[in-house]
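Colleague: Quick one: the structure is below, and I'll ask about it shortly.
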Amino acid sequence: MKNTVKVHSFHGGIHPPENKKQSTGAPISLAPLPSRVVLPLQQHIGLPAEPVVNVGDRVLKGQLVAEAVGRISANIHASVSGTIIAIAPHPVPHMSGMEAGCLIIESDGRDEWIEHQGLEDYTRLPKQELIEYIRQAGIAGMGGAGFPTDVKLHLGDDHIVNTLIINAAECEPYITADDMLMRERANEVLGGIEIIAHLLKPLHIMVGIEDNKPQAIRALHAALDNSPLNLDIVITPTKYPSGGEKQLIKLLTGVEVPSGRIPADVGIVCQNIGTTTAIYRAVVHGEPLISRIVTVTGQAAGHKQNYEVRIGTPFADLLDHSEVRREQMHRLVVGGPMMGITVSNEQIPVIKTTNCLIAGSIEEMPPQPPAQACIRCGMCEQVCPAELLPQQLYWFAKGKEFDKARHHNLFDCIECGACSYVCPSNIPLVQYYRFAKAEIRKEDEEQRKADHARIRFEARLERLEREKIEKEERRKQRAIEAAAAQAAKKDAALSRATTAPASGTMASGAPDLKQLKSNAAIARTKLRKAEKALANAQEKGLEGIETLQATLQQLQLKSEQAEKAYTDAQNTPVQKHTQTAPETDLKQLKNNAAIARTKLKKAEKQLAAAHESGDGDIDALKAQIAELQAKNIAAEKAYKEAESGNNPATAADIDTAELEADIAAMQGKVDKAESAWKAAVESGSPAADKMAAGVDKLKDKLKALQDELTNLRSSASVTPPATVDTSALESEIAVMQGKVDKAENAWKAAVESGSPAADKMAAGVNKLKDKLKALQDELTQAKVSTAAKPAPMTKAEPATSLKEMKQQVSIMRTKLKKAEKQLAELAEGEANPALEADIAELKARHDVAQAIFNAAEAEKAADAARQGIDLKQLKIDAAMARAAVTKAERALSKAEADHKQTLEEELLAARTEAEKLNSTLERFSE
Amino acid sequence: MSAVLIAVLVLLGLGLVFGILLGYSSIRFKVEGNPLVDQVDSLLPQTQCGQCGHPGCRPYAEAIVNNDEAINKCPPGGLSTIEALADLLDVEAIPLDAEHGEEQIKKVAYIREDECIGCTKCIQACPVDAILGAAKQMHTVIVSECTGCDLCVEPCPVDCIDMLPIETTLNGWQWPVPKSGVELIATDRHPGIALEADA
């Protein structure tokens, strides 16, 4: 046989003992039907296939069992008929020896084909459909990497394919699968080539085959005579690795594929001979890829020959069939001796790329002798088919200078193992290259991830910034709107003020009063601001103090006038309308009292802040507070007086409600003050002591109020108030419980953070607990006293009103929140005294409503309310408690011995807390 | 005399031309900011974890360039980052500062979803927006976006976030470092050979 085309040469290469004769003696025989097949979902690079069957399904031979996901992926078909018994991890042929997802089918022994049929005339089918047909058959490159074949067949779309090369070189020692295939099924091989040629329309088709397969060459030539194909069978000298894609291209065409490119970039497509047969069987017979030719050889094998094996057959079945002598077998190699992998598990299945199993004896596959130092002989460079500098790459990989290795074209290494084969020092060079490649890939991946993370991080920052700006803009917009609304309101009020006195009725009297009030408030705020500005100016020695003082005086005058007008207006309607006035007046007074309280609270807070920061005019603030307190007392007194003037029958009732509201408000104050004090203690502020005193004072006040309430109640100890009494008590208890919980939490937090205030807080918690107990006792007493006279009517009534009350409370809360938000937004710009007044009013109303609601709720669900928390809150608390337990446990496990004692105690406390919460939660969720 | 004058004038002219050229190009091709900061930043792992004591990777990069901050304070980057930084800045590579944590295997956050109470605290803590969820709704981590920075673990009030090591899959598996051989010569292994040779 003579070549019709010139054969080129490639650099390097080796001539290892061929060992092919052993397995070419017998024809290809069919391996027996395995009892069980294992189909790995990933048999190649790319994504694993997705199973389309379930465990327990019966499948037929050739049925699709797993579908390709994405472009580089291949379908998987059942290779036997039977039942899917598992979709689970199973050892697969991989260098790592790891397990991967596999479909396991138990054969039913019937080997029943699914209905299948080839295409009658594939040339009539559009190319896309034909390629899709081949893709459906799950065909992947059967030479080495198992690259899905349809991807390569698409190359004709965006590349000009001049040359189609069919790789029949089979250069690795021992393997004879392709050789036998060509000898026995040359027609199928050529039929497959025809289909590929039809799809790619190459100008030139070449079959590269080594000169050590004369029978295969003859068989191909014989088949070619009956084929319409016009192709060149090119015989190349036997040299390892002439079967490498790039090496074969160099041999047949003399063209070198540039580094980092694919053959299609130079107009060449390569296909393995086994792949062409698979394509033929798929297209002509409609058989998907479910079997392949596998060479079983090696000194330990009884019958050294080629078998047609179902994909998924465990190696053990095949080895048993060829009567491998296990005692003689030293190593089981999958693939060739040069590039194959050693496996230890015989349950690993044959996959689409398994071309050879070598059951090597110890003489044939001796263990790798230990590596010695590189002697820089340069033999590796002489044999490298990729024309690299293996020695240099070895140093770089060993020294982890991966950048340099990359610059020396490490990624052009085909890992053929020629360098390791010739190395006189037995250095595992290929392993070093594989390691270096993996490291570089990992670094690249990390770099890519880091860049991605940076982009996301920057995007997030940008988003936050944008949100901030948007918020600012919204705020400004709203401020403008509010100002406009204010102006409109003012105009309206002015017009009304001119008409109102003329009519002199009650209807106009009320809004007038309000207007006057807000005027007064505005004047006051302005005055305060001016004062502040003046103080500021004086402090910093700024210019223009005189003008400021002048304005201040002016403002003072105005403020006084406004207030006078307001009080005048307030007094007049009371005298005029005796019938309806008291009620409205009462309300007004109540509001006044509430406002006064709020103001007082604010001032106190201001004082606390001032103490903490240690600047500002503390004395002035104190004076202000004193003034406010006086006002507050006056307002409350006025209110009470007005109230007592009312119908005495209802007065008691209202009075208790009022008192309760007061108590609630006071408690809120106490809470706030306490938390402020705690914060101060934690931050080590010097104002803490003073604040503590303040808290005590507030507590005293609270107690006084409570006493008053009890007094009042005892004086009016007739039957109806008694029920009210218990409900009030219950609500009180609920509030107290909430406080206790809060205090405990705070204390725990303090303990955890090691705050010095923890002891004090513990004492406070105990005190609170005592109080709670006292209240609970009181409640039981009250209940016992009222138990004799149950009120059946009261049961239904609160239920209906509860909902209403709740609604009211929530409405009020929303209003309050809205107003506060508005105020907060305005705070930076101009202050809005009217709004502040509104808020104060709203707050007072809200407090009252809340207190009433609480009382009602306590009546309705005494148990739940006693906890002072709803179910969800309880759940969250429970979860938090659990978390606290785990945190404590973790801390305990980490802690040193000396800390253990305290930590254990803490853990115990946390546990009991968690248990308590859990049990409560269970009780309520039932 | 005129020759001297011509020479001086020519040199002056040349100086002027090049001066203008340089002046122009210094304005036209002005580099904004410090490019070194960008280079250092690109070498950092971008976990934004703050273990170095700076609020993010870029601030650390800025500190390295501007304030001579040590380059060994990045535990997520580990030794490879230190080496890359040392290479870039031409300084000695130093071992990782254990004060800022130790190099650990790569992890991703995982939310035990039935325990999540939907507080959104982890979402606010995540520097790369890798946590998905809304208030009172269950949250979950987008694994492909998670940098394993740890920042979401602490804020969780119910402690339902775990840092799980990334599982090795077939695709993620790496060839290990080859066992470095015994560096001796053949006669050391078989002393008999040497003796025979001597005899």
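The values are calculated or read from the model by the stated rules, or taken from the named source; none is laboratory data. A quick note: this is a predicted structure, and the numbers were derived from the prediction, not measured. Cβ atoms come from the backbone with ideal geometry, glycine included; neighbour counts cover every protein chain shown. Accessible surface areas use protein heavy atoms only, side chains included; no ligands, DNA or RNA. Shrake-Rupley method; radii C 1.70, N 1.55, O 1.52, S 1.80 Å.
Colleague: Mind checking which helices (runs of 4 or more DSSP H) fall wholly inside region A:270-389 and carry at least 2 residues that are away from chain B (no Cβ under 14 Å) and more than 19 Å from A:M182 (Cβ to Cβ)? Steps first, answer last, please.
Modeller: Numbers: elements: A:273-280, A:315-321, A:379-383.
Here the list reads A:315-321, A:379-383.
Colleague: Which of the residues that make up region A:107-149 are over 19 Å from A:L229 (Cβ atoms), without any contact (Cβ under 8 Å) to a residue 24 or more places away in the chain and either open to solvent by less than 20 Å² (accessible area, probe 1.4 Å) or of a type in the set (D, E) (or both)?
Modeller: Hits for region A:107-149 are A:E115, A:E120, A:E129, A:E132.
Colleague: Right, another one. Tell me which residues, restricted to region A:207-219, are among the hydrophobic types (A, V, I, L, M, F, W, C) and surrounded by 24 or more Cβ atoms within 10 Å (Cβ to Cβ). I'd like the intermediate steps shown before the answer.
Modeller: Step one: filter region A:207-219 for residues among the hydrophobic types (A, V, I, L, M, F, W, C), giving A:207, A:209, A:216-217, A:219.
Within region A:207-219, A:V207, A:I209, A:A216 qualify.
Colleague: Sticking with this one: If I ask for residues that are assigned to a strand (DSSP E or B) and within 35 Å of the chain's Cα centre (by Cα), which ones from region A:39-63 would you list? So that I can check it myself, show each step before the final result.
Modeller: Taking region A:39-63 as the starting set, the residues that turn out to be assigned to a strand (DSSP E or B) are A:39-40, A:50-51, A:58-59, A:61.
A:L39, A:P40, A:E50, A:P51 - these are the residues of region A:39-63 that are assigned to a strand (DSSP E or B) and within 35 Å of the chain's Cα centre (by Cα).
Colleague: Oh, and also: Identify all residues within region A:151-183 that are over 16 Å from A:I273 (Cα atoms) and over 51 Å from the mean Cα position of the chain (by Cα); write none if there are none.
Modeller: Listed by number, the residues that qualify are A:P173, A:Y174.
Colleague: Just to be sure, is A:P40 out of contact with any strand residue (DSSP E or B) (no Cβ under 6 Å at 6 or more places or on another chain) and surrounded by 14 or more Cβ atoms within 10 Å (Cβ to Cβ)? Show your work before the answer.
Modeller: Working: out of contact with any strand residue (DSSP E or B) (no Cβ under 6 Å at 6 or more places or on another chain): no; surrounded by 14 or more Cβ atoms within 10 Å (Cβ to Cβ): yes.
No.
Colleague: Before we move on, is A:A186 open to solvent by less than 20 Å² (accessible area, probe 1.4 Å), of a type in the set (G, A, S) and touching a residue at least 60 places away in the same chain (Cβ under 8 Å)? Write out each step before concluding.
Modeller: Details: open to solvent by less than 20 Å² (accessible area, probe 1.4 Å): yes; of a type in the set (G, A, S): yes; touching a residue at least 60 places away in the same chain (Cβ under 8 Å): no.
Here the answer is no, as A:A186 does not meet what is asked.
Colleague: Hey, does region B:100-117 have a residue that's within 12 Å of another protein chain (Cβ to nearest Cβ), on the phi < 0 side of the Ramachandran plot and among the small types (G, A, S)? Break it down stepwise before answering.
Modeller: First pass over region B:100-117, keeping only residues within 12 Å of another protein chain (Cβ to nearest Cβ): B:106, B:108, B:112, B:114-117.
Narrowing further to those that are on the phi < 0 side of the Ramachandran plot: B:106, B:108, B:112, B:114-117.
Narrowing the set further to residues that are among the small types (G, A, S) leaves none.
Scanning region B:100-117 turns up no residue that is within 12 Å of another protein chain (Cβ to nearest Cβ), on the phi < 0 side of the Ramachandran plot and among the small types (G, A, S).
Colleague: Shifting gears a bit: Quick check on region A:257-277: of everything there that is among the aliphatic types (A, V, I, L, M) and in contact with a helix residue (DSSP H, G or I) (Cβ under 7 Å, 6 or more places away or on another chain), which residue is farthest from A:P148 (Cα to Cα)? Even if it seems obvious, please write down each step before you answer.
Modeller: Applying the first criterion (among the aliphatic types (A, V, I, L, M)) to region A:257-277 yields A:257, A:262, A:264, A:266, A:268-269, A:273.
So of that shortlist, the ones also in contact with a helix residue (DSSP H, G or I) (Cβ under 7 Å, 6 or more places away or on another chain) come out as A:257, A:264, A:268-269, A:273.
Working: A:V257: 21, A:A264: 15, A:I268: 17, A:V269: 14, A:I273: 15 Å.
This residue is A:V257.
Colleague: Select the strands (runs of 3 or more DSSP E) contained entirely in region A:163-239, then report the ones holding at least 1 residues which are out of contact with any Leu (no Cβ under 9 Å at 6 or more places or on another chain).
Modeller: Working: elements: A:163-167, A:204-210, A:232-236.
Counting at least 1 such residues, we get A:204-210, A:232-236.
Colleague: State which residue is nearest to the other protein chains (Cβ to nearest Cβ) when the search covers only region A:82-98 and only residues that are surrounded by fewer than 16 Cβ atoms within 10 Å (Cβ to Cβ) and modelled with pLDDT of 90 or more.
Modeller: Ranking the qualifying residues of region A:82-98, first place goes to A:P89.
Colleague: Then there is this: Scanning region B:108-146 for residues that are among the aliphatic types (A, V, I, L, M) and in a loop (DSSP other than H, G, I, E, B), which turns out farthest from B:P165 (Cα to Cα)? Spell out the reasoning first.
Modeller: Going through region B:108-146, the residues among the aliphatic types (A, V, I, L, M) turn out to be B:108-109, B:111, B:117, B:123, B:125, B:128, B:130-132, B:134-135, B:138, B:141-143.
Pick out the ones that are also in a loop (DSSP other than H, G, I, E, B) and you get B:117, B:128, B:130, B:134-135, B:138, B:142.
On the way: B:I117: 24, B:V128: 19, B:A130: 17, B:A134: 26, B:A135: 28, B:M138: 22, B:I142: 15 Å.
Looking at the filtered set, the residue picked out is B:A135.
Colleague: Filter region B:141-159 for residues that are buried (at least 19 other Cβ atoms within 10 Å of the Cβ), within 11 Å of chain A (Cβ to nearest Cβ) and under 21 Å from B:T47 (Cβ atoms) and give the result.
Modeller: Those that are buried (at least 19 other Cβ atoms within 10 Å of the Cβ), within 11 Å of chain A (Cβ to nearest Cβ) and under 21 Å from B:T47 (Cβ atoms): B:C146, B:T147, B:G148, B:C149, B:C156.
Colleague: Let me ask something additional. Residue under question is A:Q372, and the condition is that it be in contact with a Ser or Thr (Cβ under 7 Å, 6 or more places away or on another chain), open to solvent by 20 Å² or more (accessible area, probe 1.4 Å) and not hydrophobic (A, V, I, L, M, F, W, C); does it hold? So that I can check it myself, show each step before the final result.
Modeller: Working: in contact with a Ser or Thr (Cβ under 7 Å, 6 or more places away or on another chain): yes; open to solvent by 20 Å² or more (accessible area, probe 1.4 Å): yes; not hydrophobic (A, V, I, L, M, F, W, C): yes.
For A:Q372, the condition - in contact with a Ser or Thr (Cβ under 7 Å, 6 or more places away or on another chain), open to solvent by 20 Å² or more (accessible area, probe 1.4 Å) and not hydrophobic (A, V, I, L, M, F, W, C) - is met.
Colleague: Just to verify a result, which residue in region A:62-81, among those that are among the hydrophobic types (A, V, I, L, M, F, W, C) and over 15 Å from A:I104 (Cα atoms), is least open to solvent (accessible area, probe 1.4 Å)? Steps first, please.
Modeller: Pass one, region A:62-81, residues among the hydrophobic types (A, V, I, L, M, F, W, C): A:64-66, A:68-69, A:72, A:74, A:76, A:78, A:80.
Filter once more, so that each one left must be over 15 Å from A:I104 (Cα atoms): A:68-69, A:72, A:74.
Working: A:A68: 22, A:V69: 54, A:I72: 65, A:A74: 5 Å².
So the residue we want is A:A74.
Colleague: What about B:L88, is it in contact with a Pro (Cβ under 9 Å, 6 or more places away or on another chain), within 13 Å of chain A (Cβ to nearest Cβ) and either under 16 Å from B:L151 (Cα atoms) or not in a loop (DSSP other than H, G, I, E, B) (or both)?
Modeller: Values: in contact with a Pro (Cβ under 9 Å, 6 or more places away or on another chain): no; within 13 Å of chain A (Cβ to nearest Cβ): yes; either under 16 Å from B:L151 (Cα atoms) or not in a loop (DSSP other than H, G, I, E, B) (or both): yes.
Answer is no for this residue.
A quick yes/no check of all residues on (1) within 20 Å of A:G97 (Cβ to Cβ); (2) in contact (Cβ under 8 Å) with a residue 60 or more places away in the chain:
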| residue | (1), (2) |
| --- | --- |
| A:D320 | no, no |
| A:V324 | no, no |
| A:R331 | yes, no |
| A:V343 | yes, yes |
| A:K352 | yes, yes |
| A:L357 | yes, yes |
| A:I375 | no, no |
| A:G378 | no, no |
| A:Q382 | no, yes |
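Colleague: Exactly one condition in (1) away from every other protein chain (no Cβ under 11 Å); (2) surrounded by fewer than 18 Cβ atoms within 10 Å (Cβ to Cβ); (3) over 30 Å from A:E323 (Cβ atoms); (4) in contact (Cβ under 8 Å) with a residue 12 or more places away in the chain is false for A:C419; which is it?
Modeller: Here A:C419 clears every test but (2).
Colleague: Name the single residue, out of those in region A:444-492 being aliphatic (A, V, I, L, M) and closer than 28 Å to B:S42 by Cα, that is most open to solvent (accessible area, probe 1.4 Å).
Modeller: Going through region A:444-492, the residues aliphatic (A, V, I, L, M) turn out to be A:450, A:453, A:455, A:459, A:461, A:464, A:469, A:479-480, A:482-485, A:487-488, A:492.
Adding the requirement that they be closer than 28 Å to B:S42 by Cα leaves A:450, A:453, A:455, A:459, A:461, A:464.
Working: A:A450: 6, A:A453: 4, A:I455: 110, A:A459: 55, A:L461: 85, A:L464: 70 Å².
The qualifying residue most open to solvent (accessible area, probe 1.4 Å) is A:I455.
Colleague: With the checklist (1) within 21 Å of A:A373 (Cα to Cα); (2) within 13 Å of another protein chain (Cβ to nearest Cβ); (3) surrounded by 20 or more Cβ atoms within 10 Å (Cβ to Cβ); (4) not small (G, A, S) in hand, flag the one item A:K437 doesn't pass.
Modeller: Here A:K437 meets the rest and fails (1).
Colleague: Still on this structure, I have one more. Name the single residue that is nearest to the other protein chains (Cβ to nearest Cβ) among those in region B:72-85 being within 23 Å of B:C146 (Cα to Cα) and open to solvent by 50 Å² or more (accessible area, probe 1.4 Å).
Modeller: Ranking the candidates gives B:S80 first.
Colleague: Only one residue in A:V59, A:V52, A:V7 is of a type in the set (V, I, T) and open to solvent by less than 30 Å² (accessible area, probe 1.4 Å), so which one is that?
Modeller: After ruling out the rest, the residue left standing is A:V59.
Colleague: Condition check: within 14 Å of another protein chain (Cβ to nearest Cβ), modelled with pLDDT under 90, open to solvent by 50 Å² or more (accessible area, probe 1.4 Å) and not in a loop (DSSP other than H, G, I, E, B). Does B:D38 satisfy that?
Modeller: Numbers: within 14 Å of another protein chain (Cβ to nearest Cβ): yes; modelled with pLDDT under 90: yes; open to solvent by 50 Å² or more (accessible area, probe 1.4 Å): yes; not in a loop (DSSP other than H, G, I, E, B): yes.
Yes, satisfied.
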